[in-house]
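A.B. asks: Dropping a structure here in structure tokens format, bear with me for questions.
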Amino acid sequence: MDSNVEEMQKRLGGLQISQKLQGQAKSFSVAEFLDLRAKGNQLFVHGDWKGAISCYSKCIDFALSSKQEIYKEAMDVLVFCYSNRAEALLKVEEYAKAVEDCDKALQLHSTHLKSLFRKGRALHELKEYNLACLCFRLALEQSPAAEEIKSHYEKSKKFNEENQQGKFNLSAYFLNGCRGKDIPEVSNYIGPVIIKKSSVHGRGLFASKEFEIGDFVLVENAIAVSGIYRRLTAIAGKENPSRMIDRLKQDTVEKAISCAMGSPRILRQLQDLTNSSWLNETDVPEMEAFKINNGSWNKFGENPENLHLNPFELRKAMEFNALIIYITQEEDNPGEPDLSSKGWVFNMKRITERCGFWGLASFINHSCFPNAKYMVVGKAMFIIAVRRIEAGEEITVPYCRTLAPLVRREKYCTQMGFRCECKRCVFERSLGPSFLKLTNEILASHRWLMGDLANGLTNVSSRDMESLVELLLQLKKFGADGEKKHLINASFVHVYYFVLSSAMVYVSVQVLSRLLPTSMEVAEAIQHAVPGSAASLDLFRLLPKVQMDLHLEKATEDGITIIGKQKARVLKTLVASKIDAVSQSVMRTWNAPDVKSR
């Protein structure tokens with residue numbers, strides 16, 4: 001017999017203890033009790049978290065149903081079982097239940113170190129950073145040299161400050177080129193905003209206080225994110241991208257349901273999504289379901305045991321709301337076959353396409369003349385004010401690439417299921433059929449020239465380029481100066497960029513391009529119509545070095561709208577380098593057209 005068993009038998013007098021377990025009368029000896037605990041430990045070590053939870057639960061039931069004198073003797077074992085079950089619950093992401101088990105262990109042993117540490121970790125995952133810090137500080141009082149506890153304490157402390165102050169230091173991420181390994185973990189932050197009925201579409205997010213340019217309006221970690229790796233060959237047609245995107249959607253739905261099953265707060269957020277079979281469109285949810293770090297993690301009750309979310313209904317609800325699909329490019333894959341001999345015109349690289357869902361951010365409506373922008377860093381979405389936002393004003397972001405003519409923007413919005421009525425769209429519609437005809441001629445000419453380059457032609461026809469420039473010059477009759485000029489130029493940024501960049505390569509284009517707006521004038525149009533777009537920096541980099549230095553301060557100011565208020569050296573690095581990651585994200589609903597990253 002094991003010495004531990006002998007000791008326990010000795011302490012308990014070798015009694016046989018009977019209990020009713022799962023509705024059947026059974027008899028347990030102390031040896032069987034300790035064997036059950038040992039089995040739970042073994043399952044835990046091997047990663048069978050659910051099996052370990054089951055064993056620890058039986059041990060707890062046994063101890064609690066024992067006679068009073070036996071219960072006192074078995075108290076140490078009971079504390080151990082509660083604490084270890086809490087660790088297993090952490091592994092399966094049932095954080096609320098883990099806190100409950102830690103509390104029960106601490107009721108029996110108020111200074112139990114592992115229970116304090118595990119409770120702090122569970123509270124951190126529940127986004128109760130202030131309470132988590134309290135647990136870690138109590139644990140550090142007992143073990144001041146414990147590096148693991150120190151690390152978790154510093155992380156919760158950082159998250160608590162971010163959540164309270166809305167200040168995020170992303171310097172390392174941007175200075176190192178937005179590499180995946182430098183993606184920081186950040187807290188959620190909700191600025192002075194509220195959900196209200198919107199004149200734009202259904203419900204929207206409104207400012208309850210004033211925001212300055214570069215302020216973080218909202219920072220929110222995704223409820224669920226799914227992702228797959230695929231090579232550029234897949235884009236070229238070896239695998240159907242639409243089927244891959246469909247898998248991403250379904251995976252995101254399943255992960256969101258899994259999160260909701262373990263979190264009443266997330267369940268409430270999913271139920272607040274607008275869908276005809278869920279809620280009336282005029283229902284406005286309370287902000288309480290989205291607020292964290294205020295001790296409200298257990299104020300939503302427990303999820304019913306028989307709760308079943310309908311994946312089909314949830315997917316419909318998600319499709320109705322804003323979702324994000326963002327694309328990042330990884331390093332070259334070592335050892336991959338060289339396909340250049342087979343006519344491929346790109347290097348073999350990996351790209352990751354992810355689909356994510358954010359709860360509160362889903363209430364932000366679209367505008368082609370937005371006052372905010374989004375930036376995705378890892379799983380966190382940053383909503384940044386790109387204009388001064390007054391109290392009571394609705395917060396809007398672009399759902400798709402809005403540096404395009406009205407005809408293309410309307411196509412995007414139609415496929416998303418709405419019509420944009422922002423001042424920019426209203427103005428361009430007022431220009432009438434003649435403007436639409438000119439737009440189509442410019443787009444056709446641009447496609448023709450781009451097709452020549454894609455087909456391997458080493459030069460562009462000076463006559464064709466001259467025709468394109470003549471068409472662009474006709475835009476002046478619709479808006480020669482002021483805001484009208486900026487709004488029109490912003491709709492043809494990709495065409496201007498093509499001509500201006502061609503002028504740097506082809507001598508025949510240089511003279512023609514002098515008749516057009518300069519690259520800085522086009523950048524100003526971008527910052528007026530769609531501030532926060534990194535395309536303004538692309539145009540800045542077309543300037544000669546001497547002119548770059550002259551306009552560096554203005555470009556740095558534009559950088560604030562792109563990445564928010566960051567340290568001056570970070571903004572200068574953003575302008576001077578070729579960081580493209582901040583412009584990789586593409587926001588769209590699942591019904592939107594396939595917009596490829598730049």
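A.B. asks: Going by the conditions given, is Leu403 closer than 25 Å to Phe478 by Cα, open to solvent by less than 20 Å² (accessible area, probe 1.4 Å), modelled with pLDDT under 95 and not β-branched (Val, Ile, Thr)?
C.D. replies: Working: closer than 25 Å to Phe478 by Cα: yes; open to solvent by less than 20 Å² (accessible area, probe 1.4 Å): no; modelled with pLDDT under 95: yes; not β-branched (Val, Ile, Thr): yes.
When the stated conditions are applied, Leu403 does not pass them.
A.B. asks: Within the range 86-120, how many residues are open to solvent by less than 50 Å² (accessible area, probe 1.4 Å), charged (D, E, K, R) and in contact (Cβ under 8 Å) with a residue 24 or more places away in the chain?
C.D. replies: 3
A.B. asks: Name, by its number, the condition in (1) assigned to a helix (DSSP H, G or I); (2) free of Cβ contacts under 8 Å to residues at least 12 places away in the same chain that does not hold for Ala52.
C.D. replies: (2)
Rundown of residues vs (1) at pLDDT below 95; (2) outside any helix (DSSP H, G or I); (3) farther than 30 Å from Leu574 by Cβ, yes/no style:
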| site | (1), (2), (3) |
| --- | --- |
| Ser115 | no, no, yes |
| Arg121 | no, no, yes |
| Phe136 | no, no, yes |
| Lys157 | no, no, no |
| Gln164 | yes, no, no |
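A.B. asks: Related question: Do you know which residues across the range 412-436 are more than 26 Å from the chain's Cα centre (by Cα) and open to solvent by 20 Å² or more (accessible area, probe 1.4 Å)?
C.D. replies: The answer is Glu421, Lys423, Val426, Phe427, Arg429, Ser430, Leu431, Gly432, Pro433, Ser434, Leu436.
A.B. asks: Then there is this: Give just the number: which of (1) touching a helix residue (DSSP H, G or I) at 6+ places or on another chain (Cβ under 7 Å); (2) in contact (Cβ under 8 Å) with a residue 60 or more places away in the chain; (3) open to solvent by 40 Å² or more (accessible area, probe 1.4 Å) does Lys127 not satisfy?
C.D. replies: (1)
A.B. asks: Is it true that some residue in the range 184-205 is assigned to a loop (DSSP other than H, G, I, E, B), among the hydrophobic types (A, V, I, L, M, F, W, C), open to solvent by less than 20 Å² (accessible area, probe 1.4 Å) and at pLDDT 85 or above?
C.D. replies: So in the range 184-205, the residues assigned to a loop (DSSP other than H, G, I, E, B) come out as 184-188, 191-192, 198-202.
From what is left, the residues that are among the hydrophobic types (A, V, I, L, M, F, W, C) are 186, 200.
Filter once more, keeping what is open to solvent by less than 20 Å² (accessible area, probe 1.4 Å): 186.
With at pLDDT 85 or above added as a condition, the list becomes 186.
Yes, there is a match, as at least one residue in the range 184-205 is assigned to a loop (DSSP other than H, G, I, E, B), among the hydrophobic types (A, V, I, L, M, F, W, C), open to solvent by less than 20 Å² (accessible area, probe 1.4 Å) and at pLDDT 85 or above.
A.B. asks: For the range 138-155, give me the residue count where each residue is of a type outside the set (Ser, Thr, Tyr), part of a helix (DSSP H, G or I) and more than 23 Å from Asp103 (Cβ to Cβ).
C.D. replies: Number satisfying all stated conditions: 3.
A.B. asks: List pairs: first residue in the range 212-227 and within 16 Å of Arg387 (Cβ to Cβ), second residue of a type in the set (S, T, N, Q) and at pLDDT 90 or above anywhere in the structure, Cβ distance under 9 angstrom, at least six positions apart or on different chains.
C.D. replies: Leu218/Asn188
A.B. asks: May I pose another question? Can you pull out every residue in the range 77-102 that is assigned to a helix (DSSP H, G or I), touching a helix residue (DSSP H, G or I) at 6+ places or on another chain (Cβ under 7 Å) and of a type in the set (Asp, Glu)?
C.D. replies: Those that are assigned to a helix (DSSP H, G or I), touching a helix residue (DSSP H, G or I) at 6+ places or on another chain (Cβ under 7 Å) and of a type in the set (Asp, Glu): Glu87, Asp101.
A.B. asks: Scan the range 422-448 and report the pairs whose first residue is without any contact (Cβ under 8 Å) to a residue 24 or more places away in the chain and whose second residue is of a type outside the set (S, T, N, Q) and open to solvent by less than 70 Å² (accessible area, probe 1.4 Å), with Cβ atoms within less than 7 Å and a gap of 6+ or a chain change.
C.D. replies: Between residues of the range 422-448 that are without any contact (Cβ under 8 Å) to a residue 24 or more places away in the chain and residues that are of a type outside the set (S, T, N, Q) and open to solvent by less than 70 Å² (accessible area, probe 1.4 Å), the close pairs are Arg429/Leu406; Trp448/Asp464.
A.B. asks: Here is a follow-up. Can you report the number of residues in the range 19-63 which are open to solvent by less than 70 Å² (accessible area, probe 1.4 Å), among the hydrophobic types (A, V, I, L, M, F, W, C) and at pLDDT below 80?
C.D. replies: The number of residues fulfilling the criteria is 9.
A.B. asks: So, one more: Return the residue satisfying two criteria in turn: it lies in the range 553-567 and is surrounded by 15 or more Cβ atoms within 10 Å (Cβ to Cβ) and modelled with pLDDT under 85, and of such residues it is nearest to Val377 (Cα to Cα). I'd like the intermediate steps shown before the answer.
C.D. replies: Taking the range 553-567 first, the residues surrounded by 15 or more Cβ atoms within 10 Å (Cβ to Cβ) are 554-556, 558-566.
Of the ones still in play, those that are also modelled with pLDDT under 85 are 554-556, 558-559.
On the way: Lys554: 25, Ala555: 22, Thr556: 21, Asp558: 19, Gly559: 16 Å.
Per the stated criteria, the residue is Gly559.
A.B. asks: Just give me the residues in the range 336-393 being among the hydrophobic types (A, V, I, L, M, F, W, C), at pLDDT 90 or above and either open to solvent by 20 Å² or more (accessible area, probe 1.4 Å) or touching a Cys at 6+ places or on another chain (Cβ under 8 Å) (or both), in sequence order.
C.D. replies: Cys368, Phe369, Ala391
A.B. asks: Now for a different question. Just to be sure before I move on: is Ile213 modelled with pLDDT of 90 or more and either touching a Pro at 6+ places or on another chain (Cβ under 7 Å) or buried (at least 19 other Cβ atoms within 10 Å of the Cβ) (or both) in the structure I sent?
C.D. replies: On the way: modelled with pLDDT of 90 or more: yes; either touching a Pro at 6+ places or on another chain (Cβ under 7 Å) or buried (at least 19 other Cβ atoms within 10 Å of the Cβ) (or both): no.
No, not satisfied.
A.B. asks: Quick one: is Gly532 assigned to a helix (DSSP H, G or I), closer than 21 Å to His494 by Cα and at pLDDT 80 or above?
C.D. replies: On the way: assigned to a helix (DSSP H, G or I): no; closer than 21 Å to His494 by Cα: yes; at pLDDT 80 or above: yes.
No.
A.B. asks: Right, another one. Output the number of residues of the range 369-418 satisfying the condition of being part of a loop (DSSP other than H, G, I, E, B), in contact with a Pro (Cβ under 7 Å, 6 or more places away or on another chain) and under 22 Å from Pro192 (Cβ atoms).
C.D. replies: So the count comes out to 3.
A.B. asks: So, Arg463, is that one open to solvent by 10 Å² or more (accessible area, probe 1.4 Å), without any contact (Cβ under 8 Å) to a residue 40 or more places away in the chain, in contact with a helix residue (DSSP H, G or I) (Cβ under 9 Å, 6 or more places away or on another chain) and basic (Lys, Arg) or not?
C.D. replies: No; evaluated as a whole, the condition is false for this residue.
A.B. asks: While we're here: Out of the residues in the range 515-540 that are touching a Leu at 6+ places or on another chain (Cβ under 9 Å) and among the polar types (S, T, N, Q), which is surrounded by the fewest Cβ atoms within 10 Å (Cβ to Cβ)?
C.D. replies: In this case the residue turns out to be Thr518.
The values are calculated or read from the model by the stated rules, or taken from the named source; none is laboratory data. All values reported here derive from a predicted model rather than from experimental measurement. Please note: Cβ atoms are built from the backbone with ideal geometry, for glycine as well, and neighbour counts cover all protein chains shown. To get the accessible areas, we keep the full protein, side chains included, count just its heavy atoms, and leave off ligands, DNA and RNA. Shrake-Rupley method; radii C 1.70, N 1.55, O 1.52, S 1.80 Å.
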